[in-house]
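Okay, so here's the structure we're looking at.
Derivation of every value follows stated rules applied to the coordinates shown; laboratory data play no part. It should be emphasised that the depicted structure is a prediction, and the values quoted were computed from it without experimental measurement. Cβ atoms come from the backbone with ideal geometry, glycine included; neighbour counts cover every protein chain shown.
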Amino acid sequence: MKTRITLTLLTALTLAGCSTPPPPPPALNNDALISSEVNGVTLQHRAAVSAPKQFKPIGEEYRSLYAASIMSSPNYTGTAVGSLDNAAAFYALGEVENNWLAISAIRGGDLMGYIQANAGVPEARYKSTLRKDLPRRARAAKQDCVKVGGDSKACKNAGSATWILQ
């Protein structure tokens, strides 16, 4: 009987000495706001959006030239966290690595993600950029025609310098 009580007490003391590991830290919510400092500039962004390694401030209003995906990191390996419509207004917070723009929905707002630098232009240059991009009509070639005989004429083809009888 004494042996049984001794073994029970010994087992109880052994198990009491064991403790469970501490609980893991709470997982960070993707929508939680965090702050990062890059090149002396403090950026506030969601946890789902990674902080850039380099940052050159711009702080201008931009317009998108085409519909673009807003990425979680300044490259194509990140995930899409949103999208911009064609001609949508946004604010470029700064230029980051890989020639991408860090963007925000409002002036001085939180970093919402990254788009390629060629996806947008400053608001002041938007209309002129669109005009330059429009295809131009080819100028009609002036026909060089001469009357031949009664009702016929011969026209010189400007492209090949050959004469065509009509």
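For the stretch 82-125 and the stretch 1-71, write down the distance between their C-alpha centroids in whole Å.
Here the answer is 27 Å between Cα centres.
Enumerate the calculated ³J(HN,Hα) couplings along the stretch 4-15 in order (Karplus 6.51 cos²θ - 1.76 cosθ + 1.60, θ = phi - 60°), each rounded to whole Hz, writing x wherever the residue is Gly or Pro.
Ordered by residue, 3J(HN,Hα) equals 5, 5, 5, 5, 5, 5, 4, 5, 5, 5, 5, 5 Hz.
Amide H to amide H under 5 Å from G113: which residues, 5+ apart in sequence or cross-chain, H placed 1.01 Å off N in plane?
Here the answer is I103, since their amide H atoms fall under 5 Å of that of G113.
When the expected Rg is taken as 2.2 N^0.38 Å, what fraction or multiple of it is the alpha-carbon Rg of the stretch 21-66?
Working it through for the stretch 21-66, the quotient is 1.63.
If you place +1 on the Cβ of every Lys and Arg and -1 on the Cβ of every Asp and Glu, how big does the dipole about the Cα centre of the stretch 26-166 come out, in debye to the nearest 20?
1120
Expressed as a rounded percentage, what relative contact order does the chain have, with Cα pairs under 8 Å and six or more residues apart?
Worked out over the chain, it gives 15 percent.
With N set to the residue count of the chain, report its C-alpha Rg divided by 2.2 N^0.38 Å to two decimal places.
The reported ratio for this selection is 2.25.
List the residues of the stretch 33-57 whose backbone N lies under 17 Å from a point placed 7 Å from the Cα of N98 along the Cα-to-Cβ direction.
Within reach of a label on N98, which here means backbone N under 17 Å from a point 7 Å along Cα→Cβ, the stretch 33-57 contributes 48-56.
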